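Okay, structure first, notes after.
The values are calculated or read from the model by the stated rules, or taken from the named source; none is laboratory data. Just so it is clear, the model here is predicted, and its values are computed rather than measured. Quick reminder, even Gly has a Cβ in these numbers, built from the backbone with ideal geometry, and neighbours come from all protein chains shown. Note: accessible area is taken over every heavy atom of the protein model, side chains too, but ligands, DNA and RNA are not part of it. Shrake-Rupley method; radii C 1.70, N 1.55, O 1.52, S 1.80 Å.
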Amino acid sequence: MRYYLAGALFFCIFLCHGQEGYSVLTRKALEAMWKAKDTTAYRNALNMYENAFRAYPDSVNGSALYKASVLAAELRDFEKAFQYLTPLSQMKSDDYGYPGWNYIVGKYSESEYKNLLDDPRWAALKQKAITGKAQFYRELKEKENEFYRISGRDLKRIPDPRTLYKEIRAYHPYQSKQLRDYSLSLPVNDSVRTSFLVHLPKNYSPQKKYPVLLFLHGAVRNNALTEFQTAEANLNGWNRYYTRYADQEEVILVFPKGSRQYNWMTPDDGFFMVPEIVKKIKQAIHVDDNKIFISGHSNGATGSFSYLMKQPTPFSGFYGFNTYPKVFTGGTFVENIKSRSFINFSTDEDYYYPPGANDDLTRLMTELKADYREYRYPGFPHWFPQFDESEPAYRVLFSDLANRERNPFPENISWEFDDEKYGNIDWLSDIKLDTLQPVEKWHKQLNFRISKWLEYNRNDSLITVPVDKNAFDFPRRSGKIKAGYARNVFSIETSCIRSFRINISPEMVNPKKKVKVYVNGKLYYRQKIKYNPEFMLQNFEDTRDREQVWVNFIALKV
């Protein structure tokens, strides 16, 4: 249950008729609980919660009942512990949306309520909790099945490849949804699962295609994978402006859940999760394939930047609040941004990444003529989204989202990578490295030095400290490819590349005419392109993308 405490310090604070309100009283009680080191201090914290309950009986919520019950159990005041724990355990959902049984059979329950385990009342509560948990998961599975219910045509039964191409482009198996919020399961491996929450527009219609915005949370090292998520925990608090503007603009919100081991920053074990979630929701709801976006805060913003650098193909644009713009699992190849865009919302009192480094990054992006913008908000710390003054940033984000679309068939591509898992970008795929080759002159590392960083001292004062570090690391040799096409002719330049594929769409070339491919100035290919139904079906199965549809590919070795 410890995750209930993580955000509690940032509860809304308000005044009621000139007196301290319930949230202020419970916040002070929580602070006293955190600082408590002996029985007297624990008793004082419990008294503070009880004073809040008496003063505002209509405001008593599950999170405060939980903490009061834990304090009473620690003090071995069994009557009071069960006085608060019993109604809490019976809640269908608390103020975070979590069911009451979660407090009795959760991960930390037996350690937090260790003094109650021999009391017969605990056994009775536990048995009810086990029954409630089973019922909860049955209902959760029913909702998930309803979310994925479709009625589509079997594409494998279409014999003509040109008809198959048209059917994939027009594929529409979608049905109406009974709910707005769905907690959905995501397998991480054979033994580990996590979840993601989908929040639909109020009047979602399967006849209309919708933009999608994925929000990646921060503090990945302090989070844990969860089997389910709730709307209350995702749509309010720091995310309130995402919810407000997504509802106004009819944007689907998606909230993945990461952990120390499986996330979007480091290590690489969980990096697959976000593209896999995109694929899964495309199976069930009517998504605009050219309007899928990623945003995040802190570690989540770093994750957004990392997808831009490593795996941008399914996405249309990227945003980050208080971003550390660096790939932590390999090289940061900033020119890759030219395939998409990034908007960074920064502050000048951020310990996570210093304003001077953001200035240097902006200069570098300007030199590259990249689609990059930074909005600086002076006077705010790293936790900028907590403040009401962050709302204008969300207006910028949703305005950009409304006016931006992915070009699924860009005429020019520049792509650099050092891990073959990420040797794919739009119509170039399966790019393989040969880092023993000499590096071409146009294949250069882009970097800059950082000389100042902000950090908090022992007095919680923000100070500037000198550093001497590169903005980006390059632990491995990389390969780079530049490619373009026009009038059925592809021109490719490579550096440290062994082989690659060109994926072909009728939107890019005239299939009735021969396609020519020049690699490093030499003619490598000159043939007409035939439709390959097996490849078309497999690619659609892998991506569920109805805009970026390939009919065949050209495989080339350099």
Based only on the alpha carbon positions, what is the Kirkwood hydrodynamic radius of the stretch 288-398, in angstrom? 14.0
Among residues other than LEU214 whose Cβ falls under 13 Å from its Cβ, what is the net charge (Lys/Arg +1, Asp/Glu -1)? +4
Before I look further, what does the stretch 507-558 give for accessible area per residue, probe 1.4 Å, in whole square angstrom? 58
What's the carbon and sulfur percent of the stretch 434-548's accessible surface, probe 1.4 angstrom, rounded to a whole number? 46
Any idea what % of Cα-Cα pairs in the chain are farther than 32 Å? 53
Given axes a ≥ b ≥ c from the Cα gyration tensor, I'd like to know whether the stretch 215-373 is rounded (a/c under 1.5), prolate (a/b larger than b/c) or oblate. rounded
Which pairs break 30 Å Cα to Cα here: LYS143/LYS279; LYS209/LYS528; LYS310/LYS516; LYS291/LYS326? LYS209/LYS528
Could you tell me the largest-minus-smallest coordinate of the C-alpha atoms of the stretch 347-417 on each of the three principal axes, in descending order and whole angstroms? 42, 28, 20
Between helix 62-74 and the chain, what is the angle of the helix's C-alpha long axis to the longest principal axis, kept within 0 to 90° and rounded to the nearest 10? 60
For the chain, give the magnitude of the charge dipole about the Cα centre (Cβ charges: +1 Lys/Arg, -1 Asp/Glu; no others), in debye to the nearest 20. 2100
Over all directions, the average projected area of the alpha-carbon convex hull for the stretch 79-198 comes to how many nm²? 10.9
Compute the long axis of helix 240-249 from its Cα atoms, compare it with the longest principal axis of the Cα atoms of the chain, and write down the angle in degrees, 0 to 90, nearest 10. 50
How much of the DSSP beta bridge set in the stretch 182-318 is antiparallel, as a percent to the nearest 5? 50
Which FRET efficiency value, to the nearest 0.05, is calculated for PHE272 and VAL105 with the Förster distance at 30 angstrom and r the Cβ-Cβ distance? 0.45
Quick check: residue separation of LYS37 and GLU142 times 0.36 nm, minus the Cα distance between them. What number comes out in nm? 33.2 nm
note: the stretch 43-95, Cα-Cα separations exceeding 12 Å make up a percent value of 61
Against the globular-protein guess of 2.2 N^0.38 Å, express the Cα radius of gyration of the stretch 372-466 as a ratio, rounded to two decimals. 1.67
How much of the accessible area of the stretch 269-314, in percent, comes from carbon and sulfur atoms when a 1.4 Å probe is used? 42
For the stretch 388-489, what is the accessible area per residue in Å², given a 1.4 Å probe and the full set of protein chains? 56
Is the C-alpha gyration tensor of the stretch 35-138 telling us rounded, prolate or oblate? Criteria: a/c under 1.5 is rounded; beyond that, a/b larger than b/c is prolate, otherwise oblate. oblate
Cα-Cα over 19 Å, subset of LYS177/LYS282; LYS133/LYS202; LYS80/LYS114: LYS133/LYS202
Looking at the square roots a ≥ b ≥ c of the eigenvalues of the Cα gyration tensor of the stretch 450-490, which shape do they give, rounded for a/c under 1.5, prolate if a/b is larger than b/c, or oblate? prolate
Working from the pairwise distances between different alpha carbons, so that the mean of 1/r is found and then inverted, what is the stretch 361-400's Kirkwood radius in Å? 11.8
What are the extents of the Cα atoms of the stretch 396-548 along their three principal axes, listed from largest to smallest and rounded to whole Å? 72, 43, 26
Per the helix-only calculation at 222 nm, which mean residue ellipticity applies to the chain, given -39500 (n - 2.57) for every DSSP H run of n ≥ 4 and division by its residues, nearest 500 deg cm²/dmol? -10000 deg cm²/dmol
Share antiparallel - DSSP beta bridges, the chain, percent rounded to 5: 65
Which order, highest average first, do 312-324, 102-114 follow once you tally other Cβ atoms within 10 Å for each residue and take the mean per peptide? 312-324, 102-114
